[in-house]
Amino acid sequence: MPTPVSNVEELANQEYKYGFVTEIETDSVPPGLSEEIIRLIAAKKREPDWLLEWRLKSYRYWLTMKEPTWANVHYPPIPYQDYVYYVAPKSAASGSKQIDPELLRTYEKLGIPLQERELLAGVAVDAVFDSVSVATTFKDKLKEMGIIFCSFSEAVQEHPDLVRKWLGSVVPYTDNFFATLNSAVFSDGSFCYVPKGVRCPMELSTYFRINAKNSGQFERTLIIADEGAYVSYLEGCTAPMRDTHQLHAAVVELIALDNATIKYSTVQNWYPGDKQGRGGIYNFVTKRGKCLGKNSKISWTQVETGSAITWKYPSCILQGEGSVGEFYSVALTNHYQQADTGTKMIHIGKNTKSTIVSKGISAGHGQNSYRGMVKILQGAQNARNYSQCDSLLLGDQCGAHTFPYLEVRNPTATVEHEASTSKIGEDQIFYCRQRGISTEDAVSMIVNGFCKQVFKELPMEFAVEAQKLLSVSLEGSVG
Amino acid sequence: MLEIKDLHVSVGDHEILRGVDLKVGRGEVHAIMGPNGSGKSTLAQVLAGRDVYTVTSGEVIFEGKDLLVMAPEDRAREGIFLAFQYPVEIPGVSNLYFLRSALNTIRKARGLEEIDAMDFLKLARDKMKLLDMDENLMQRPVNEGFSGGEKKRNEIFQMAILEPRLAILDETDSGLDIDALKIVANGVNALRSPERAIVVVTHYQRLLNYIVPDVVHVLYDGRIVRSGDKRLALELEEKGYGWLEDDRQLSAAGR
């Protein structure tokens, strides 16, 4: 009989079921990065001059920057000049209103039907395929309420004032190496504006898919919730199995005005690479929200199960008085996956409050780091933070690390930090098996129990998805 | 129902069970007593399929089937239940959810329909009364933050729900005060039935005042050295385990 330890490891051998490739004609730019390429992207997208200028400014700044090395992840140098920075399905590039049937099939296979009548009633989807958005559903219905939900490219054409006002206001083009690269070459993404006093009646979601080989996906998401507005937003992502690393460097900016709430949930399932660590997505993402208005709230929930490397710190700038920032995270690393993820909570306004709950799960040779910063500035009277970081280890080849940074410049602040590391006990598994529950179900049950605090923050449909995803990521036999 | 023949079990190079023979029939209650380190808990864990132990020789037949080739979950589905000496905590998994999953996998293996959440709740409430348990223990994560007594009661509660054919109680009395002991014993007695065998592993005679066994065995140094009726337990209580030491030397000398 195999020992339970090896059972756990066997279970950790997942199959990635989204690894298929879509054969489709594409329109792309030559590989490499230069001002010419950036001009070419801007021209393909018929962008206004101010945006091209902004891209070029970012590119020139990027040339002066060095790739950061402080994260607890290891990878060979990224060949930036080998990547293709713009790839679009031909049908979408030609501006056709009809969605290519091949694309429809792709999204159906992924469980994201783009025909509105088949959709989950409560979810509007923007589908981004390689560099462009191929479909946005329920757009007209939302428009009746004054909600703008469309691809970033369309927003640039249709709502240039809004884009120009807010683009780069949370993540400036000088922010960091990957965000600056994104500012230079971003191709599409989602845009959302919820007007004053409107509560968005459905979940908005973007589904990202990287298909093309050796391409990078650089999307940008911009969400603005005007005074008293509410919006819940979800993104999902998958990619084919390739033995080379694809680069994904996205930027997400959220802005919440007075009494507005933005809830942003991510289920990240990029291809993680194979069992030996070949291939997989490099996921270097900058996500930040600004609680600009008083009593505004931004809540990040993420379930990170994919990618070869994840480098991601969804953060909140708590500027408005009484504003609230939340970060709930589950990060799972298996095989040779590496994740360095966490959050930054920057307290600027009075009576601001933040909550951080991070759950890291490591299996196989996975390395999982939580890196979080809580910064309380001088003017942040009565600011409060609560942080909890728990790590769960499966097997003895993996690692969990915690790097909390605290900076408190106001004596009235209350900051609490709790951390724990535990190993999935053979005792726990044996206990479950003695009650008739298989090892697989036992591991899944224990891991889901560990993540419960985070899952309950996800919108209902996605909580179920996330649980399934976690089981699949750990168990291989399901799905 | 259960037949153990010349069972030898080791951990690493250390032999713990050195030829155990035991027969338990349907409807019977057997007590296995013995001093610390005699191998009582090892025997209980080996029957449940714990694989830190290596069975070096011998046989265990349960209802005509070779138990030793079965995975722990299959043994559970065949009707073997172990009430743990140290029940583990499973954070974030509610007791109710855990137990319904367990019951349903066992029911499925027996070709029965799965029980839905509502019916299960009814069943759980019914069995909870048996153990005088607080209903909020059901909603709480498995054993998390339970007192020692609550954990032991929870084990017997699980036994009541899962209705095993053979229940092995591993030092269920340890850490219980006299009131809790009575409640647990009453729960076990309520589960005695002509269809079900119960093996009570204990260090002390005390529990056997409340769960009266049909047969008492004394496990000493990896072997069953004596079997008898409930009077054997009282005799042990009176004379202590040292009495067996002399006895064993005598029998060894006589071989």
Of the residues in the range A:203-234, those that are surrounded by fewer than 23 Cβ atoms within 10 Å (Cβ to Cβ), modelled with pLDDT of 70 or more and not in a strand (DSSP E or B) number 3
Among residues of the range B:64-73 being more than 8 Å from chain A (Cβ to nearest Cβ) and in contact (Cβ under 8 Å) with a residue 12 or more places away in the chain, the residue farthest from A:C451 (Cα to Cα) is B:K65
Restricting attention to the range A:421-452, the residues that are of a type in the set (V, I, T) and either more than 8 Å from chain B (Cβ to nearest Cβ) or at positive phi (or both) number exactly 5
Residues of the range B:34-63 being within 16 Å of B:L169 (Cα to Cα) and within 13 Å of another protein chain (Cβ to nearest Cβ), in sequence order, are B:A44, B:Q45, B:V46, B:L47, B:A48, B:G49, B:R50
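May I ask you to list the residues in the range A:310-323 that are under 28 Å from A:L392 (Cα atoms) and open to solvent by 20 Å² or more (accessible area, probe 1.4 Å)?
Result: A:Y313, single match.
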Considering only helices (runs of 4 or more DSSP H) wholly within the range A:1-72, the ones with at least 1 residues that are open to solvent by less than 50 Å² (accessible area, probe 1.4 Å) and modelled with pLDDT of 70 or more are A:35-44, A:49-63
Flagged in the range A:414-455 as at pLDDT below 90, in contact with a helix residue (DSSP H, G or I) (Cβ under 7 Å, 6 or more places away or on another chain) and not in a helix (DSSP H, G or I), in numbering order, are A:I424
Pairing a residue in the range B:94-105 that is within 12 Å of B:A124 (Cβ to Cβ) and more than 9 Å from every other protein chain (Cβ to nearest Cβ) with any residue that is among the hydrophobic types (A, V, I, L, M, F, W, C) and open to solvent by 10 Å² or more (accessible area, probe 1.4 Å), where Cβ atoms lie under 8 Å and the two sit 6 or more apart in sequence or on different chains, gives B:L96/B:L121; B:R100/B:I115; B:R100/B:A117
Take B:M138 and tell me if it is more than 14 Å from chain A (Cβ to nearest Cβ), open to solvent by less than 30 Å² (accessible area, probe 1.4 Å) and either of a type in the set (A, V, I, L, M) or within 23 Å of the chain's Cα centre (by Cα) (or both).
yes
Q: Would you be able to say whether some residue in the range A:257-271 is among the aliphatic types (A, V, I, L, M) and open to solvent by less than 10 Å² (accessible area, probe 1.4 Å)?
A: yes
Only one of B:N154, B:N143 is within 14 Å of chain A (Cβ to nearest Cβ), crowded, with 17+ Cβ neighbours inside 10 Å and on the phi > 0 side of the Ramachandran plot, namely B:N143
Among helices (runs of 4 or more DSSP H) entirely inside the range B:167-255, those with 1 or more residues being open to solvent by less than 50 Å² (accessible area, probe 1.4 Å), small (G, A, S) and at pLDDT 90 or above are B:178-190
Checked pairs for the range B:129-150, first within 19 Å of B:N186 (Cβ to Cβ) and touching a residue at least 40 places away in the same chain (Cβ under 8 Å), second open to solvent by less than 50 Å² (accessible area, probe 1.4 Å) and of a type in the set (F, W, Y), C-beta under 6 Å and 6 or more apart or across chains, list as B:L131/B:F157
Looking across the range A:151-187 at residues that are among the aromatic types (F, W, Y) and not in a helix (DSSP H, G or I), the single one that is surrounded by the most Cβ atoms within 10 Å (Cβ to Cβ) is A:F186
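Scanning the range B:74-93 for residues that are within 11 Å of chain A (Cβ to nearest Cβ) and closer than 24 Å to B:L219 by Cα, which turns out most open to solvent (accessible area, probe 1.4 Å)?
Restricting to residues being within 11 Å of chain A (Cβ to nearest Cβ) and closer than 24 Å to B:L219 by Cα, the top hit is B:Y86.
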Quick one: is B:L131 in contact with a helix residue (DSSP H, G or I) (Cβ under 9 Å, 6 or more places away or on another chain) and within 14 Å of chain A (Cβ to nearest Cβ)? no
Given the conditions (1) in contact (Cβ under 8 Å) with a residue 40 or more places away in the chain; (2) outside any strand (DSSP E or B), every one holds for A:G379 apart from (1)
Residue pairs within 9 Å by beta carbon, gap of at least six or interchain, first lying in the range A:285-296 and under 8 Å from A:Q319 (Cβ atoms), second in a strand (DSSP E or B) and not aliphatic (A, V, I, L, M), listed first then second, are A:K290/A:E253; A:K290/A:C316; A:C291/A:K297; A:C291/A:C316; A:C291/A:G325
Restricted to the range A:276-309 and to residues being hydroxyl-bearing (S, T, Y) and outside any loop (DSSP other than H, G, I, E, B), the residue surrounded by the most Cβ atoms within 10 Å (Cβ to Cβ) is A:T301
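The values are calculated or read from the model by the stated rules, or taken from the named source; none is laboratory data. Everything quoted here is computed from the prediction, not taken from an experiment. A quick note on method: Cβ atoms are made from the backbone with ideal geometry, for glycine too, and the neighbour counts reach across all protein chains shown. Quick note on the areas: whole protein, heavy atoms, side chains included, nothing else; ligands and nucleic acids left out. Shrake-Rupley method; radii C 1.70, N 1.55, O 1.52, S 1.80 Å.
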